[in-house]
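Enquirer: The structure that follows is given in the form of structure tokens.
Just so it is clear, none of the values below were taken in a lab; they were calculated from the coordinates. Predicted model, so just to flag it, every value in this text is computed and none were measured. All Cβ positions, even for glycine, are placed from backbone atoms using ideal geometry, and neighbour counts span all protein chains on display.
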């Protein structure tokens, strides 16, 4: 997997500034971290967790704090073929009396975990397998492998190039040089060109993956408003 350090080197090569004569490596690193955060608003990674049932009839189970959407809920885990629960709001009049359903409960605060509620009473020693979406890790060290797929890392590079162009423009605005109006015009064109390159690369990637799986998204509280 590509590390943050390797991606920094690639951006420096894109900028023809491997010696950091113009752009500091620390700035490029921060731009790439910002790029990952922005990328995560459009593309999440899919993970899974097995929620162990330790008490009979325990229908409510905490989710990892990184969950932003539910892809599927399998209960009981390990069936062949798998048995998947269907989404239904827990406020539905039949939720608690008909088996085969789940609800994704968003806590609404940072102290309580989001939960999965299932409509049937489970048996201890069973497990619920939840496939979910999460944002990509924001690397804190340059040696950290990135969770963004290699085939999408050009999007992160385009974001960094846009930010690099913006920095030059901001520097010129703060301390104008001779022929500043001409330079400012050129820098503004470069910023817009880099911005469009980033937006276009993001849009193309979104289009290529537009046939996504149904997902129950964080923040939706009514059954009718959810996208599964």
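Enquirer: Please label the shape of segment 45-134 as rounded, prolate or oblate, based on the square roots a ≥ b ≥ c of the eigenvalues of the alpha-carbon gyration tensor (a/c under 1.5 means rounded; beyond that, a/b larger than b/c means prolate, else oblate).
Expert: In terms of gyration-tensor shape, rounded.
Enquirer: At 0.36 nm per residue, and after removing the present C-alpha to C-alpha distance, how many nm does the segment from residue 207 to residue 57 gain when stretched out fully?
Expert: 49.7 nm
Enquirer: Can I ask one more? Could you please rank 171, 70, placing first whichever residue has the fewest other Cβ atoms within 10 Å of its Cβ?
Expert: The most exposed by this proxy come first: 171, 70.
Enquirer: Related question: Multiply the residue gap between residue 185 and residue 125 by 0.36 nm, knock off their C-alpha separation, and tell me the result in nm, one decimal place.
Expert: 14.8 nm
Enquirer: May I ask for the distance between the Cα centers of segment 1-47 and segment 92-139, given as a whole number of Å?
Expert: The distance from the Cα centre of segment 1-47 to that of segment 92-139 comes to 35 Å.
Enquirer: Another question about this same structure. For the chain, set up a Gaussian network in which alpha carbons nearer than 10 Å are linked by springs, and say which option among 186, 30, 44 fluctuates the most.
Expert: Maximum fluctuation in the GNM of the chain, among the listed residues, is at 186.
Enquirer: Give me the Debye-computed log₁₀ of I(q)/I(0) at q = 0.08, 0.09, 0.13, 0.15 Å⁻¹ for the chain, equal point scatterers on Cα only, no solvent, two decimals.
Expert: -0.44, -0.53, -0.85, -0.99
Enquirer: Further, regarding this structure: If you stretched the chain out fully between residue 30 and residue 66, how much longer would it get, using 0.36 nm times the residue separation minus the C-alpha to C-alpha distance?
Expert: Taking residue 30 through residue 66 to full extension adds about 10.8 nm, to one decimal.
Enquirer: If I build a Gaussian network model for the chain, linking alpha-carbon pairs within less than 10 angstrom, which residue out of 200, 80, 14 has the largest mean-square fluctuation?
Expert: 80
Enquirer: Let me ask something else about it. How large is the helix-only mean residue ellipticity at 222 nm for the chain, computed as the sum of -39500 (n - 2.57) over DSSP H runs with n ≥ 4, divided by its residue count, in deg cm²/dmol to the nearest 500?
Expert: Helix-only estimate at 222 nm: -11500 deg cm²/dmol.
Enquirer: Right, next: For the pair residue 112 and residue 50, how long in nm is the line joining their label points, each one 7 Å along Cα→Cβ?
Expert: Distance between the two pseudo-spin positions: 2.9 nm.
Enquirer: Could you tell me the relative contact order of segment 45-134? Use alpha-carbon pairs under 8 Å, at least six residues apart, and round to a whole percent.
Expert: In percent, rounded to a whole number, it is 50.
Enquirer: Calculate how steeply helix 4-14 sits against the longest principal axis of the alpha-carbon atoms of the chain, using the helix alpha-carbon long axis, and give the answer as 0 to 90 degrees to the nearest 10.
Expert: It works out to around 40 degrees.
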